[in-house]
1. Out of all the residues in the range 136-153, is one or more part of a strand (DSSP E or B), in contact (Cβ under 8 Å) with a residue 12 or more places away in the chain and within 22 Å of PHE66 (Cα to Cα)?
2. Suppose we filter ALA84, ALA54, ALA43 for residues that are more than 16 Å from GLU161 (Cα to Cα), among the aliphatic types (A, V, I, L, M) and not in a loop (DSSP other than H, G, I, E, B); which single one remains?
3. Here are some conditions: (1) open to solvent by less than 50 Å² (accessible area, probe 1.4 Å); (2) touching a helix residue (DSSP H, G or I) at 6+ places or on another chain (Cβ under 7 Å). PRO151 meets all but one. Which one does it not meet?
4. Taking the range 1-31, which residues are within 22 Å of ASN149 (Cβ to Cβ), in a loop (DSSP other than H, G, I, E, B) and over 16 Å from the mean Cα position of the chain (by Cα)?
5. Among the residues of the range 202-225, write down those that are in a strand (DSSP E or B) and among the aliphatic types (A, V, I, L, M).
6. With respect to ALA199, is the statement that it is farther than 14 Å from SER7 by Cα, open to solvent by less than 40 Å² (accessible area, probe 1.4 Å), of a type outside the set (Asp, Glu) and assigned to a loop (DSSP other than H, G, I, E, B) true?
7. Output the number of the condition that LEU132 fails; it satisfies all remaining conditions of (1) modelled with pLDDT under 90; (2) closer than 30 Å to GLN55 by Cβ; (3) aliphatic (A, V, I, L, M); (4) open to solvent by less than 20 Å² (accessible area, probe 1.4 Å).
8. Yes or no: ALA120 in a loop (DSSP other than H, G, I, E, B), in contact with a strand residue (DSSP E or B) (Cβ under 7 Å, 6 or more places away or on another chain) and within 18 Å of GLN156 (Cα to Cα)?
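The values are calculated or read from the model by the stated rules, or taken from the named source; none is laboratory data. Worth saying up front: this structure is predicted, and the values here are computed from it rather than measured. As a convention, Cβ positions derive from the backbone with ideal geometry for all residues, glycine included, and neighbour counts pool all protein chains shown. Calculation scope for accessible area: heavy atoms of the full protein, side chains included, ligands and nucleic acids excluded. Shrake-Rupley method; radii C 1.70, N 1.55, O 1.52, S 1.80 Å.
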Amino acid sequence: MKLQERSYSTKILRPKPLIYQEDDGSLIVIATSWGQPEHAQRALDEVVKYVRAAQSDVEVTSPFEFLSCLTDEINYVRTGILIANDLLYRGENKMEYFSGVEILAIFKRGSQIAWAQVGAPTLMIQRKNRGLQALSIGTDLSSEFPDQNLPPLPSQLLGLEPTCYIQCGHTHVVEGDQLVLLASSNVATSLWSKDSQDADLSTITTRMIQDDPEAPFWLGLVSVD
């Protein structure tokens, strides 16, 4: 996997995420801090460390059980996020909130993409010769008030509570498929049209700006070849 990304800024600010890409393309982690920037780095590092150890068959200890209803790959990224949540909650936010983190981890093994996330970005897939399909939604609370031009407000954050809500899943991919990652209060309606196939970073950026020029967003495209 290979990620290309772009941020669009307006008078309203949206934090820019930290991004990790494994050299062999098997793992991508995107972490956005709402508060202290270093907390996103800590969460990202914990996920990367755990997934590396798990896929290398290293004996790793974890207080969180593997769920038999999920594939090993999903369990890897899900458990990594749970460990990161525990670290941030106990180490930073237990007595007083300092910051929360949105995080998405994508792990590819063979023809399978597995993911786990807390908060944004929304994860979509553009399959070859098909329209855009949503896989996992990272909602923004500001979208609940469409008549007001509000700053982004995350609905789910890592590290604020002893437990966290993790969306996770997996899907089959083939050469030519593309993942679309979008952190925004809205998705341009034109992205769902038939002519959205094979859209590149510039095209999607332009459509998002045309739809709402005052709304900031972060966009990432992941090729899965």
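1. Scanning the range 136-153 turns up at least one residue that is part of a strand (DSSP E or B), in contact (Cβ under 8 Å) with a residue 12 or more places away in the chain and within 22 Å of PHE66 (Cα to Cα).
2. ALA54
3. Unmet condition: (1).
4. SER9, THR10, LYS11, ILE12, LEU13
5. LEU219, LEU221, VAL222
6. Yes; evaluated as a whole, the condition is true for this residue.
7. Single failed check for LEU132: (4).
8. Yes: the conditions hold for ALA120.
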